[in-house]
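I have placed the structure first, in the form of structure tokens, so that the comments after it can refer back to it.
Every number in this text was worked out from the coordinates using simple rules, so none of it is lab data. Predicted, not measured: the structure shown is a model, and the values here were computed from it. Positions of Cβ are backbone-derived with ideal geometry, glycine not excepted, and every protein chain shown enters the neighbour counts.
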């Protein structure tokens with residue numbers, strides 16, 4: 001199996017440079033001076049999540065014949081919107097298969113971007129998408145299990161290395177593993193002194209369990225969907241898992257309460273709206289300090305597509321952190 | 001009266017470059033394609049507001065003797081935190097006079113930055129601050145009525161011109177007028193084809209009334225404090241007003257309902273937490289389209305220091321825009 005390398009990521013950065021926002025590293029004046037925190041707010045991307053990077057990189061590689069037959073994607077939401085957004089920009093027809101437990105917000109947003117939406121149970125997404133590909137001759141754009149998608153997400157790591165070359169700790173959410181794989185490759189190549197940690201909800205902690213077991217273990221989808229972090233309910237593929245074992249220094253887990261506290265703190269102190277999945281890296285910074293090296297830390301906020309009512313509830317509750 | 005010019009702003013940019021965040025222009029995929037909107041999120045600055053720019057530029061100009069005697073500032077909140085933050089970074093003692101109607105959040109945040117806080121009624125702030133200056137030999141850092149402060153805020157305009165040279169419309173909140181003055185000078189010098197509009201709450205619309213009257217009119221403080229936009233309750237000085245008449249194409253007003261709708265939309269669609277004052281420029285984009293030229297628009301989000309309970313209430317209410 002050939003792993004993505006930093007040259008692939010540099011190529012991706014050239015391809016997608018004009019199409020995605022170069023997000024800043026936002027310094028946190030309220031963070032521990034011994035472990036100053038910067039946030040990488042991928043929530044500010046056009047569709048509210050980092051996924052535009054991988055989707056754009058994958059679409060940019062399609063031939064004219066492939067473009068004419070359209071693309072198909074399946075996703076718990078943010079990848080859906082990312083493919084729909086990139087496809088609209090490239091004038092390609094997109095069909096998105098979404099699980100029927102995804103928030104209404106994400107389904108509506110995908111339709112508004114001009115994509116056809118097909119709703120199915122979580123464990124049937126891959127099969128339904130494969131059926132559409134066979135039937136139409138369309139190209140599947142997977143949410144994480146593809147070198148171009150991994151390389152696209154890795155451009156976040158290039159930007160971190162450029163803006164904060166002496167970073168000591170990078171915290172990245174892990175679900176399907178494409179984001180952590182890409183960032184891990186970039187950071188390990190460009191900032192060899194930095195530690196890269198994946199972060200998962202305890203309730204979807206299959207990759208942490210895999211690292212503890214020394215081989216990939218699989219959790220039933222029914223277990224993984226228990227977390228409030230609806231963007232972190234997938235599991236790594238063989239390809240992404242191989243990148244994770246090659247590049248991550250470890251995988252941390254955070255509780256549901258800690259995720260909610262991080263969402264509240266990001267809104268209150270950093271003025272950023274994060275979805276629960278987007279807040280897990282910040283939660284690890286806040287609540288797993290004893291497991292992390294000292295020095296400059298970056299937490300990647302992977303997305304901001306939270307139901308406004310949920311955010312309102314979290315903000316109206318008692319302060320839980322910070 | 002000498003007005004600030006673009007050279008002063010370039011000098012400010014060199015002085016404060018390392019101390020403030022260079023905020024991105026965030027594109028809004030949900031905006032009208034005929035009037036694409038970019039947001040300039042100054043809410044992401046370390047103290048949650050643009051005010052760090054002017055404060056840093058003013059402090060950077062102090063002599064050693066001045067530094068030893070400390071600084072004094074008065075403010076409805078964000079300038080207070082900005083001076084406290086910049087003073088801590090420069091190891092200068094800061095005393096901040098805050099009006100007793102300011103949100104608790106802003107008072108606490110100022111104390112946490114190491115400043116001494118003195119609470120007084122809104123209309124006594126200037127006198128109390130002047131008394132402290134006389135008594136201690138300290139230097140007053142005014143919130144807007146100073147060329148160095150105006151030039152510091154103007155660095156936002158430099159960045160807009162650099163990132164979007166063909167901008168057609170720039171929308172900026174107006175209260176004391178330092179922000180709009182600085183941005184107006186920069187944009188008119190660098191993007192002569194762009195229109196710059198000030199935006200006020202109707203309930204604190206004294207500058208719009210002044211533009212309509214052809215001379216500055218003054219509203220009682222008791223009127224100006226009616227708006228929910230607690231950051232926009234001041235009025236321009238002679239110095240800032242002279243900049244506004246020289247550089248603004250007009251001043252628009254927005255209603256309290258429109259301000260709340262813009263706060264909700266920024267959180268829901270742009271994933272940014274804006275305080276009411278920070279949302280007025282976006283409200284003008286949303287609700288005053290017929291009064292604006294077509295083409296690329298930038299709305300400056302001046303700050304994000306909203307009470308979390310208020311944001312929760314706004315998000316839990318019925319959708320009001322977008």
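Data overview
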read-out	value
Burial ordering of A:183, B:306, A:314, fewest other beta-carbon atoms within 10 Å first	A:314, B:306, A:183
Cα-based helix-to-principal-axis angle, A:78-89 vs chain A, degrees rounded to 10	50 degrees
Peptide B:46-52, shielding by other chains (average Cβ, 10 Å cutoff)	2
Value of relative contact order over segment B:118-275, rounded to a whole percent, pairs C-alpha under 8 Å and six or more apart	23 percent
Efficiency of FRET from Cβ geometry, residue B:163 and residue B:215, R₀ 51 Å, rounded to 0.05	0.90
Listed peptides A:194-205, B:231-242 by packing density, highest first (mean Cβ within 10 Å)	A:194-205, B:231-242
Percent of beta bridges antiparallel (DSSP, the protein assembly as shown, rounded to nearest 5)	10 percent
Cβ-vector label at 7 Å, residue A:63, separations to other copies in nm	7.6
Relative exposure of B:252, A:3, judged by other C-beta atoms within 10 Å (fewest first)	A:3, B:252
Gap separating the Cα centres of segment B:51-75 and segment B:156-231, nearest whole Å	24 Å
Peptide-level mean, for B:271-279, of C-beta atoms on other protein chains within 10 Å	4
Helix-only mean residue ellipticity at 222 nm for chain B, each DSSP H run of n ≥ 4 adding -39500 (n - 2.57), per residue, nearest 500	-13500 deg cm²/dmol
Copy-to-copy label separations for residue A:114, where each label sits 7 Å from Cα toward Cβ, in nm and ascending	5.3
Exposure proxy ranking, count of Cβ atoms within 10 Å, fewest first, for A:50, B:287	B:287, A:50
Nearest-ten-degree value, helix B:125-136 long axis tilted from longest Cα axis of chain B	30 degrees
Between helix B:238-247 and chain B: long-axis angle, C-alpha atoms, 0 to 90°, nearest 10	30 degrees
Overall form of segment A:52-140 per C-alpha gyration tensor (a/c, 1.5; a/b vs b/c)	oblate
Label 7 Å beyond Cα on the Cβ vector: residue A:316 copy-to-copy distances, nm	0.2
Percentage relative contact order, chain A, counting C-alpha pairs under 8 Å, at least six apart	21 percent
Whole-number percent relative contact order across segment A:52-140, with pairs defined as alpha carbons under 8 Å at least 6 apart	32 percent
Simple label model, 7 Å out from Cα along Cβ direction - residue A:124 to residue A:202, nm	3.4 nm
Packing rank of A:106-116, B:254-264, where each peptide gets the mean count of other beta carbons within 10 Å, highest leading	B:254-264, A:106-116
Number of partner chain Cβ atoms within 10 Å, mean per residue of B:304-316	6
Axis proximity, chain B to A: residue whose C-beta lies nearest, plus whole-Å distance	B:312, 2
